Amino acid sequence: MKTIQLFDKGVYAPVIFLLLALFISCEKDSEPEKQSTDPVEGLKKIHEFADDSHTVAAWNETGEFRLGYTKVYFTVQDKDGKYIDSAELNAFPEMDMGMMKHSTPRSEITKVEGKPLYEAYYNFLMYSGQGNGVWYYDLSYTVGNAAGSFDDVVIDVKNAFRPDGTTPVTIIKTFVGTDEKRYVVTLVEPLHPKVGVNDITAYIHESKSPEYPALEGSFTLKLDPRMPSMENHSSPNNVDLTWNAAEKIYRGKVNFSMTGYWKLNLILQDDSGNIIYGNAITDGIEASSLFFEVEF
Ligand SMILES: [Cu+2]
């Protein structure tokens, strides 16, 4: 609106014209008026549920739930297809293993800023069928005075594999620490590993199923990446994972000096440096009891 007013003043018109010309030449790949308002552009639908008033759908980049860290987005639409940006959503995942049930580490479902989209992560401890377990969740929403729920929705959590597509890969680990507490550590990044220094991120949760409180801040994951097939060599310039308060995740650096199969050996330490789980690698010990696998 301001631009139009300035144009009316005449004297500014050439300046504005120049600025516009500059703007357009810089922006020729994405004309603002044609920008997509589709909140799920680039995402694949995992599933959707509808009742008399709303449709709730779950999405992510692969269209699948998978063992370990799984990012999920949700949309809520009314009967006219309009995306709702004031909904509240809850999803409670649970695995029924016959003799027992358990949930899994997860975040709340929160609003994505600036889009009618909601996000969460689930760190799935097991894949569907593992131990004859069946995953399902109760998904509920509130929009103003309207509320609904979709109960006992069976969800298919795929196993995670190395690049051969058949060998399972270790990306989430549950254990009892030296302090007798039960922990879950989940590898998040690197999602697309490359040769050189990669960001590495992980979550640490305490396991008190059905709740898995996120353990924020007071731990360190000491990192020692190794290539078992090449005399267990390591790499220089790795950085241990420490708490990143802004991103609410443990963050460090891992240097893959070549492609192949890497074992990311870890030691979980508390804020006094006490070892909670894991061990150092020595001449006689090739791996830590706490490790993740990356192959690329
Ligand atoms: Cu299970």
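The values are calculated or read from the model by the stated rules, or taken from the named source; none is laboratory data. Worth saying up front: this structure is predicted, and the values here are computed from it rather than measured. Cβ coordinates were reconstructed from backbone atoms using ideal geometry, including for glycine residues, and neighbour counts include every protein chain displayed.
Okay, here's what the table says:
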item	result
The range 224-244: number of residues that are exposed (fewer than 13 other Cβ atoms within 10 Å of the Cβ) and touching a residue at least 40 places away in the same chain (Cβ under 8 Å)	1
Failed item, numbered, when Val76 is tested on (1) surrounded by fewer than 21 Cβ atoms within 10 Å (Cβ to Cβ); (2) under 17 Å from Asp38 (Cβ atoms)	(1)
Yes/no for Asp80 being away from the ligand (no atom under 13 Å from the Cβ) and assigned to a loop (DSSP other than H, G, I, E, B)	yes
Every residue from the range 49-89 that is of a type in the set (D, E, K, R) and more than 30 Å from Gly133 (Cβ to Cβ)	Asp52, Asp78, Lys79, Asp80, Lys82, Asp85
Condition check for Glu88: under 15 Å from Asp138 (Cα atoms), within 16 Å of the ligand (Cβ to nearest atom), surrounded by 13 or more Cβ atoms within 10 Å (Cβ to Cβ) and not aromatic (Phe, Trp, Tyr)	no
Inter-residue pairs, beta-carbon under 6 Å, first assigned by TED's automatic domain parsing to the domain that holds Tyr122 and in the range 74-100, second surrounded by fewer than 17 Cβ atoms within 10 Å (Cβ to Cβ) and outside any strand (DSSP E or B), 6+ apart	Met97/Gly131
Total residues in the range 93-124, condition within 16 Å of the ligand (Cβ to nearest atom), hydrophobic (A, V, I, L, M, F, W, C) and either at positive phi or touching a Phe, Trp or Tyr at 6+ places or on another chain (Cβ under 6 Å) (or both)	1
Count of the range 205-228 residues which are at pLDDT 95 or above and of a type in the set (Ser, Thr, Tyr)	3
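Conditions tested, residue by residue: (1) under 17 Å from Leu264 (Cα atoms); (2) hydrophobic (A, V, I, L, M, F, W, C); (3) surrounded by 14 or more Cβ atoms within 10 Å (Cβ to Cβ).
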residue	(1), (2), (3)
Pro168	yes, no, no
Ile204	yes, yes, yes
Ser209	no, no, yes
Lys222	yes, no, yes
